[in-house]
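So the structure is just underneath, and the comments pick up after that.
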Amino acid sequence: MSISMKSWVFAAIAATLIAVQPVFAEPSGTFRHGEQAKLITMDPHQHTGGGASYLRPVYETLFDRDPEGAIVPVLAESYEAGGTEMTIQLKQGVKFSDGSDFNAEVAAANINRVIELGVNASMKLADKAEVIGDHAIRITLKTPDPSIVDALTGPAGMMVSMAGMQDSALDRNPVGTGPYVYSAQESREGEVRVYLPSDTFRNPEEQGLERVEILEIPDNTARLNALKTGQIDLAIFLSSPQAAIVDKSPGIQLLRLPGGTTYHLSILDREGTQIPAFADPRVRMAMNYAINREAFSKAVEFGLSVPASQPYTDGLWLHDPALAGRYSYDLEQAKSLMAEAGYQDGFEFTIPSIPIFASRLEAVAGFFKEINITMNIQTVEPGTLARRSRTTDFPATNLVWNNGIDPKFMTTYYVAEDAVFNPFKITPDPELMALSDKGLSMSDEADRAPVYFEMFEKLAEESYLIFITTTPILFGASDAVVNNETVQYRPGTDTPYFRGLRVDN
């Protein structure tokens, strides 16, 4: 497809991205969103883990996904991608909230900053960005990457002003092109973040709100109570007793949205540097067999999840039916593998946790106790689990896998020697890397799927990723929000669209 054709198609699709009121009205009302993750930074290029909702009112991305999941341009106008190059034509007439212009120089600087910082795994395969015109850039890749456009719909594609990138206080002084600006004066650290309409936003008709408030409520019960009493309009939940209560409470509803996450353990020290037993795949397989996923789903996640033995859930193109139930509960098999590996008397290790994962890990620890493995749980500061999991502080960790992301992240997160969550720098099986490279060389899903099925089967054999359950994205919402047609949800993420959102309160 030519650039001009893509521009026309994008223009047509972009018209459906956000529901806009047919008659322009001044911003009014306040929308209050309850966030379970604490704010760590408002620097999008340093962002990891949850809490992207803190960034979305301020920053726009080069591309986004519309409510149906199609990729559409935002700060981009069109693009061409093939092989190891991607050319992006940029939107003109866009200004940052500090009054400076958005152009190719700024866009290239943002992409290069993302690459140099190396925090965002989605850009691991990018090499550099360069200016090829006043409003055009070229991104050069180290290897072909069919998901590079998708990567630019998230924090890696968020554009910061040139002055903002040079500001040492960017973590609390965000400067983007979005419809809202952050009000530090009206915000309270650790409690609420306040956003007000930006004077420089190019489409004022999409600034429906007089005020956006994102409340930091990591405690599930407190978030539930805030929703029930009307202190917040919308909240993100994991599968928990509180989510189950939302489902049965008058005036509020539990929304189950597609995408979701797969909860899993990751054995980081798989060469046994700290925990010798972890070097034996039989031990890792025993841990897999020891988990009763059906019981875990019912007792710990209140039936809001489904058992998982692979990263992607049923109904997605990357779900392999052959792997379903691969590690169904089999305590005798688990004990046999432990004895075969010489660890029938067990061993002990420590894993990090954040409060919202505590009940999950306590249940898993109970399963492991049945095969004489003692898993100690060490609580870390909310919002820091992903960062701590990138260090050698712990021999294993627990994370969630987003079902909406490309399978290339299996390599860049876990498998590759320089993967984000491979802090022990373990050299991967060459066969895994060969499959990963083969998958990246293709663009069609039908061609890629069998390659990744083979890769997932190989990972199941090595068993250093222990998938447990998959949960849809869960939002608790007031009846007013459920019935508000301007409230739409970004597919596969825990964040609504703030552009075009209007409330009457």
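The values are calculated or read from the model by the stated rules, or taken from the named source; none is laboratory data. Quantities reported herein were computed from a predicted structural model and do not represent experimental measurements. Neighbour counts run over all protein chains shown; Cβ positions are idealised from the backbone, glycine included. With ligands, DNA and RNA removed, areas are computed over all heavy atoms of the protein, side chains included. Shrake-Rupley method; radii C 1.70, N 1.55, O 1.52, S 1.80 Å.
Quick notes on this one:
- The modelled label-to-label distance for the pair residue 128/residue 391, using points 7 Å beyond Cα in the direction of Cβ, is 3.3 nm.
- Near residue 304, once Lys and Arg are set to +1 and Asp and Glu to -1 for all other residues with Cβ below 11 Å from its Cβ, the sum equals 0.
- Equivalent ellipsoid, segment 87-215 (semi-axes from 5 times Cα gyration tensor eigenvalues, Å): 28, 17, 13
- By average C-beta atoms within 10 angstrom, highest first, the peptides 256-269, 149-162: 149-162, 256-269
- Packing-based order for 440-447, 481-488, using average beta carbon neighbours within 10 Å, highest first: 481-488, 440-447
- Value of Rg to Rh for segment 189-247 (Rh from inverse mean 1/r over Cα pairs, i.e. Kirkwood): 1.10
- Portion, in percent, of the accessible area of the chain that falls on carbon or sulfur, probe 1.4 Å: 50 percent
- Spin-label pair residue 25-residue 80: with each label point 7 Å from Cα along the Cα-Cβ axis, the two points sit 4.5 nm from one another.
- Per residue, the accessible area of the chain comes to 39 Å², computed with a 1.4 Å probe over protein heavy atoms only.
- Gap separating the Cα centres of segment 28-73 and segment 134-148, nearest whole Å: 23 Å
- Average Cα contact separation per residue, the chain, under 8 Å, 6 or more apart, as relative contact order %: 21 percent
- Descending semi-axes in whole angstrom, ellipsoid equivalent of the chain, from the Cα gyration tensor: 38, 28, 20
- Taking other residues whose beta carbon is less than 12 angstrom from the beta carbon of residue 413, and scoring Lys, Arg as +1 and Asp, Glu as -1, yields +1.
- For the chain, calculated [θ]222 nm from helices alone, where every DSSP H run of n ≥ 4 adds -39500 (n - 2.57): -7000 deg cm²/dmol
- Largest first, the three principal axis extents of the alpha carbons in segment 78-132 are 33, 25, 16 Å in whole numbers.
- For segment 393-475, averaging the sequence separation of C-alpha pairs within contact (under 8 Å, six or more residues apart) and dividing by the residue count gives a relative contact order of 17 percent.
- Against the empirical 2.2 N^0.38 Å (N residues), segment 141-216 has a Cα radius of gyration ratio of 1.34.
- Long-range Cα-Cα pairs in segment 35-110 (distance over 15 Å), rounded percent: 66 percent
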